[in-house]
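A short reminder: the numbers here are calculations on the coordinates, not readings from a lab. Just so we're clear, the structure is a prediction, and the values are computed from it rather than from any experiment. Cβ placement follows ideal geometry from the backbone for every residue including glycine, while neighbour counts extend to all protein chains displayed.
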Amino acid sequence: MTNPPRDPDNLSDDQDLFQQEVGDVKRISHNQAFVKQSRTAQTKLPAQDENDSKVESGEVLRFLRSGIQATVLQKLRRGQFPVEATLDLHGLTIAEANDELYRFVQHSQNLGRQAVRVVHGKGHGSKGQEPVLKAKINQWLREFPVVLAFCSSGPRDGGTGAVDVLLRK
C-alpha cells in the first residue's frame, strides 16, 4: 500500500492519521507499582567534547548502567565484590592506556571475572597536575557494554586514583 504524499508542515494531517491508526485505546489496569528510577541509575550523558569531560583529581567517579539496581553500585562501593585482577595504567600515554584497558576488560570478561580494578592515578605526575587518564577512563568504561558499574576505589585501594569495575558475567 502506497501512502499519499503529505505536506510536512501540516501537523494536523499527521495527528488525524495517528488517531485513525490507533483508534479507541483504553488503559489496561494492572497491579504493578511504578518505580521511580534513582538519579544514580541514570546513565545517559550529554554529548561531550574535550572541555566537558574534565575530571578533578579528588573527584569520586560513579557509573551505573541503565537497568541495573542501585544496590549493585552500593555493594561495589563497599567492596562486596572481590577484585579479581588489577590493571595499573601509571605512566602510559592516552593511546597506550586505551589499548591496555580494552585488552584488560576483554580478557577479564573472557575469564569470567566479575570485579576488576583499574588504577589510573590522580594526575600528580601529569603536566598541569591534572588527571588526564582519570577523565579518559571515566569516558571509556562507559562505552563498554560489558561494564555494568564502576566507582572510585576505597581509600586503602587507591581512592580517587583507581576505579573498581563490575563486569557482566
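Below 9 angstrom from the Cβ of Q114, what's the summed charge of the other residues (Lys, Arg +1; Asp, Glu -1)? Spelling it out: positives minus negatives among the neighbours equals +2. Under 5 Å from the amide H of L61 lie the amide H atoms of S152, each residue being 5 or more positions distant or on a separate chain, with H modelled from the backbone and absent for Pro and chain starts. In this label model, E59 and D24 are separated by 5.5 nm, measuring between points 7 Å along each Cα→Cβ vector.
Estimated translational diffusion coefficient (Stokes-Einstein, Kirkwood radius over Cα pairs, 20 °C, 1.002 mPa s) of the range 128-169: 194 µm² per second. Per the Kirkwood formula applied to alpha carbons, the range 59-167 shows a radius of gyration over Rh ratio, Rg over Rh, of 0.94.
Remark: the range 150-157, residue by residue, has Karplus-estimated 3J(HN,Hα) of 7, 7, 4, 6, x, x, 6, 10 Hz, where x stands for each Gly or Pro and the curve is 6.51 cos²θ - 1.76 cosθ + 1.60 at θ = phi - 60°.
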